[in-house]
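Contents: one structure, followed by commentary.
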Amino acid sequence: MIQERLKKVDDIKQSIELNKNFPSLMSHPHTKDWSETCVYADPCVGTTRRAVLKLEETLTEQLEKLAEKELKRVQKYSVDITFDPDTANPWLQLSEDGRQMRHLGAWQDLPDTPERFDTVVIVLGREGLSSGRRYWEVQVGEKDDWYIGVARASVNRKGRISVSTSHGYWALAMKKGQEYRVSSSPPLLLSIEPKLKRVGIYVDYEEGQVSFYNVHNKSHIYTFMDTFKEKLFPFFYLYCCDKASDTLMICPVQETSHTKQC
């Protein structure tokens, strides 16, 4: 044991003598104080902002192309939709062909059947769906207080009604000429430019999808995703304060590249 300790002491002494012959091994390398040095990132920020804006432009362009292709695809499921006079609120006047309606501005004496909406100015479509895919288009024109979409067959038709998904309505709306919204709960406001004139509505029952499109500029507006458990009917609401309104029309579907006012 003593011999081993003496050997370790000799080794340490030899290491010290060796380091004396190589002074660089005894000292730390010189370092510079960088604490006062600044890196100005303004040029980098500008470059990043321009790159992000370019990316945004590219994404917007691709989304527009995608929406146009999507609209053409869903238009293949177009169906002939007409208003159901047995459900129409007495303030609403329907055309003979069942494809146009307006707020009459006067009450009509109509039978108060269980199917009829007696208080809120709503009418449903005749053609319901409980499977498959459907698409139709509605001309809203310059009207400034409307809802369009789909409703469950079991929605309440008497008294005051709340148009929301929680009450069985999946709809897009223009409220009092001031804002667009969808009937989520709570309502979701949408920023839409230019003003909507003609709206496409697409329903995929099995997928639980209700989508809205601006037909004139071929853009997607909004999509609901839900689960449907009963029959759905096209749904229309048109309000006008104590005067007759312009007509709201269900239009024949045309190719998006040749869409015109109906």
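The values are calculated or read from the model by the stated rules, or taken from the named source; none is laboratory data. Small disclaimer: the values here were computed from a predicted structure and weren't measured. FYI the Cβ positions are ideal-geometry reconstructions off the backbone, even for glycines, and counts take in every protein chain you see.
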Task: Output for the range 69-88, where each listed residue is surrounded by 15 or more Cβ atoms within 10 Å (Cβ to Cβ), under 25 Å from residue 152 (Cβ atoms) and acidic (Asp, Glu) - done: 84
TODO: Starting from the range 190-207, keep only residues that are in contact (Cβ under 8 Å) with a residue 12 or more places away in the chain and surrounded by fewer than 19 Cβ atoms within 10 Å (Cβ to Cβ), then list their pairs with residues that are assigned to a loop (DSSP other than H, G, I, E, B) and of a type in the set (A, V, I, L, M) whose Cβ atoms are within a distance under 9 Å, requiring at least 6 positions of separation or different chains.
DONE: 197/140; 197/215
Open item on the list: With the requirement that a residue be more than 18 Å from residue 233 (Cα to Cα) and over 27 Å from the mean Cα position of the chain (by Cα), what does the range 49-91 give you?
Closed with: 50, 90, 91
Task: Within the range 121-167, tally of residues that are part of a loop (DSSP other than H, G, I, E, B) and out of contact with any helix residue (DSSP H, G or I) (no Cβ under 9 Å at 6 or more places or on another chain) - done: 21
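hydroxyl-bearing (Ser, Thr, Tyr) and in a loop (DSSP other than H, G, I, E, B): which single residue out of 87, 48 fits that description? Even if it seems obvious, please write down each step before you answer.
Working: 48 fails: in a loop (DSSP other than H, G, I, E, B).
87 is the lone residue from the list that is hydroxyl-bearing (Ser, Thr, Tyr) and in a loop (DSSP other than H, G, I, E, B).
Restricting the range 147-161 to residues that are touching a residue at least 40 places away in the same chain (Cβ under 8 Å) and farther than 21 Å from residue 80 by Cβ, which is surrounded by the most Cβ atoms within 10 Å (Cβ to Cβ)?
If we filter the range 147-161 for residues that are touching a residue at least 40 places away in the same chain (Cβ under 8 Å), which is where we start, we get 147-154, 157-161.
Now narrow it down to the ones that are farther than 21 Å from residue 80 by Cβ: 147, 152, 154, 157-161.
Values: 147: 23, 152: 17, 154: 10, 157: 19, 158: 12, 159: 9, 160: 7, 161: 18.
Per the stated criteria, the residue is 147.
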- [ ] Mind telling me which of the residues 14, 75, 62, 93 ends up being at pLDDT 90 or above and either of a type outside the set (S, T, N, Q) or over 22 Å from residue 129 (Cβ atoms) (or both)?
- [x] 93
Open item on the list: Among (1) within 25 Å of residue 223 (Cβ to Cβ); (2) touching a residue at least 60 places away in the same chain (Cβ under 8 Å), there is one condition residue 58 misses while meeting the rest; what is its number?
Closed with: (2)
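Residues that are under 27 Å from residue 84 (Cα atoms), polar (S, T, N, Q) and out of contact with any helix residue (DSSP H, G or I) (no Cβ under 7 Å at 6 or more places or on another chain): list the strands (runs of 3 or more DSSP E) wholly contained in the range 188-242 that include at least 2 such residues.
Numbers: elements: 188-190, 198-204, 209-214, 219-225, 232-238.
In the range 188-242, 209-214 are the strands (runs of 3 or more DSSP E) which contain 2 or more residues that are under 27 Å from residue 84 (Cα atoms), polar (S, T, N, Q) and out of contact with any helix residue (DSSP H, G or I) (no Cβ under 7 Å at 6 or more places or on another chain).
Residue under question is residue 164, and the condition is that it be surrounded by fewer than 19 Cβ atoms within 10 Å (Cβ to Cβ), under 18 Å from the mean Cα position of the chain (by Cα) and closer than 18 Å to residue 229 by Cα; does it hold?
Values: surrounded by fewer than 19 Cβ atoms within 10 Å (Cβ to Cβ): yes; under 18 Å from the mean Cα position of the chain (by Cα): yes; closer than 18 Å to residue 229 by Cα: yes.
It is true that residue 164 is surrounded by fewer than 19 Cβ atoms within 10 Å (Cβ to Cβ), under 18 Å from the mean Cα position of the chain (by Cα) and closer than 18 Å to residue 229 by Cα.
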